[in-house]
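The values are calculated or read from the model by the stated rules, or taken from the named source; none is laboratory data. No experiment lies behind these values; they were computed from the predicted model shown. Glycine also receives a Cβ, built like all others from the backbone with ideal geometry; neighbour counts cover every protein chain displayed.
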C-alpha cells in the first residue's frame, strides 16, 4: 500500500497548489497593482471556498481587495484561505502514508487564546499589510526596514518571541534582497509562507498551547542536522516510552556560531549537552524525568532532566517499535507540505516498484553519512519528505563496507569524527572554535 501512496498525489493536490500559486503571484506583484490575470486568480480562490465555513469571508475580502480596499481583516481571510489549502494538501499526503503504514496519529486539540499586551501585535500587522499592498517587487530598503520597531517591541515580550524571531528573519531576508525588483529570481513561495505565518501569529486571539511534563525512556532513531551560517541545530527523532504508551517525538538543541565554523567542528558548539550528544553518538537511550512535551510532539530538551541509558541500535528500534507508536498531532500552522518529515524504515529504495529518490542534499557535512553509503545500504531509517514528489532523507543506514555489515548514522561524530581524514580537518577547525570561545569569555569578563 505504501507504493500506491508514493506513486501519485491524492486527488485535488495539484489544483490546490495552483490556487496557492495564483495568490502568491498576486502577493509578489502587490495587491495595489492587480491586473486582469491576478484578479482572476483571486476570484478563483474565492470560488474554491464556496460551501466552506470560510466562503463568506473569503468572497467578501477578495471582492474588497479587487475594488482597492485592503484592510487587516481582508488580509487575514487571504492568509486563512492559503493556510487551509496548504493544510488540506498536507493532510491528504500524510494521511495516505499513515494509512498505508497502518499508523495511528493523535488528534489536534486547540488551546485557549494567548494573551498579549494591547496594541503590541498591531505594529507587526501594519508592516505585513504594507508588504502585501506593495508586493515583493515593491520592497525597497525603506519598506524592508520599516518592521524594525515592531520587531523590537515584540522581542521585549518573551511570550511573543516566536513571532518576533519570524518577523526579524523575514525582514532580514527582505533587507538583503532590496530592492527586490532588481532580483532575477524571487523566493515567491517562501516569502508568502513567512508572510502568512506572521500574519496569523500576529492576531490577538491566536490560540496557544501548553507543554506538559513527561517521564520515561527515550529511544533514539536519528538526528537531522541543520546548519546555518550563524546557528547549528541537532534535531532528534525518537520514540518516547511512558508506561505502556509509545509515542514518536522530536527534541533538539541549538547553539549560535560564526560562519567559519562548519562541518564536524560545529558539534563543539553543543559541548553543554553531554547526555544529548551521547544519545546521538552511540544510539543509546536516555531516561528523562519531568521534561516538557508539547501537544505537537516536541520534547523541550533539558539536560538536567536526562540521564544516559542503555545502548540501542536505531534501526532495530525502528523495526520493532516504530510501527505501533502513536504519531504526534500536527499544529494548524505546521500543516504544510514542506514540513512533512515522518520517520520510516525501508529495506531498499525500491518500494513495490516505485523507486524512492534519496535526498542527498540533506546529508550533513557534520556526520559520516555519504551518498555512497546511502546507495549501498540494505536498510535505511530516514525521514519521508515531499517537495512535489516523495523522497527520503537518510538518518541511519545499514551497509556492507569491506565485507562487513555496519550501521552508520548521522550523529556519530557528535564527539568528533572517527574517520582519520575528517578527524584531522576537525582538529584544525576545532582550534579556531576554542580560540573564539576563549576570546568571547574574555570579553564577557571585562
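Table for the structure above
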read-out: Enumeration of residues in segment 1-10 that are assigned to a loop (DSSP other than H, G, I, E, B) and in contact (Cβ under 8 Å) with a residue 60 or more places away in the chain; value: 1, 9, 10
read-out: One residue from 40, 46, 32 being exposed (fewer than 15 other Cβ atoms within 10 Å of the Cβ), in the same structural domain as residue 122 (by TED's automatic domain parsing), more than 28 Å from the chain's Cα centre (by Cα) and in a helix (DSSP H, G or I); value: 40
read-out: Pairs where the first residue, in segment 404-426, is within 17 Å of residue 234 (Cα to Cα) and the second is outside any loop (DSSP other than H, G, I, E, B) and at pLDDT below 85, C-beta under 6 Å, 6+ apart; value: 417/423; 417/426
read-out: Segment 55-74, residues that are out of contact with any helix residue (DSSP H, G or I) (no Cβ under 6 Å at 6 or more places or on another chain) and on the phi < 0 side of the Ramachandran plot; value: 55, 56, 60, 63, 67, 69, 71, 73
read-out: Residue check, residue 86 touching a strand residue (DSSP E or B) at 6+ places or on another chain (Cβ under 9 Å) and surrounded by 15 or more Cβ atoms within 10 Å (Cβ to Cβ); value: no
read-out: Filter pass, residue 144 being part of a helix (DSSP H, G or I), buried (at least 16 other Cβ atoms within 10 Å of the Cβ) and in the same structural domain as residue 30 (by TED's automatic domain parsing); value: yes
read-out: Residue within segment 328-351 that is more than 30 Å from residue 426 (Cα to Cα), over 25 Å from the mean Cα position of the chain (by Cα) and assigned to a strand (DSSP E or B) present; value: yes
read-out: Candidates 299, 381, filtered to the one that is in the same structural domain as residue 216 (by TED's automatic domain parsing) and touching a residue at least 60 places away in the same chain (Cβ under 8 Å); value: 299
read-out: Residue 274 vs. criteria touching a helix residue (DSSP H, G or I) at 6+ places or on another chain (Cβ under 9 Å), free of Cβ contacts under 8 Å to residues at least 40 places away in the same chain and surrounded by fewer than 19 Cβ atoms within 10 Å (Cβ to Cβ); value: yes
read-out: Test result for residue 347, within 17 Å of residue 395 (Cβ to Cβ) and outside the structural domain of residue 274 (by TED's automatic domain parsing); value: yes
read-out: Number of the exception - residue 69 against (1) within 25 Å of the chain's Cα centre (by Cα); (2) closer than 23 Å to residue 137 by Cα; value: (1)
read-out: Qualifying residues in segment 368-409 (those that are in a loop (DSSP other than H, G, I, E, B) and in contact with a helix residue (DSSP H, G or I) (Cβ under 8 Å, 6 or more places away or on another chain)) - the one surrounded by the most Cβ atoms within 10 Å (Cβ to Cβ); value: 368
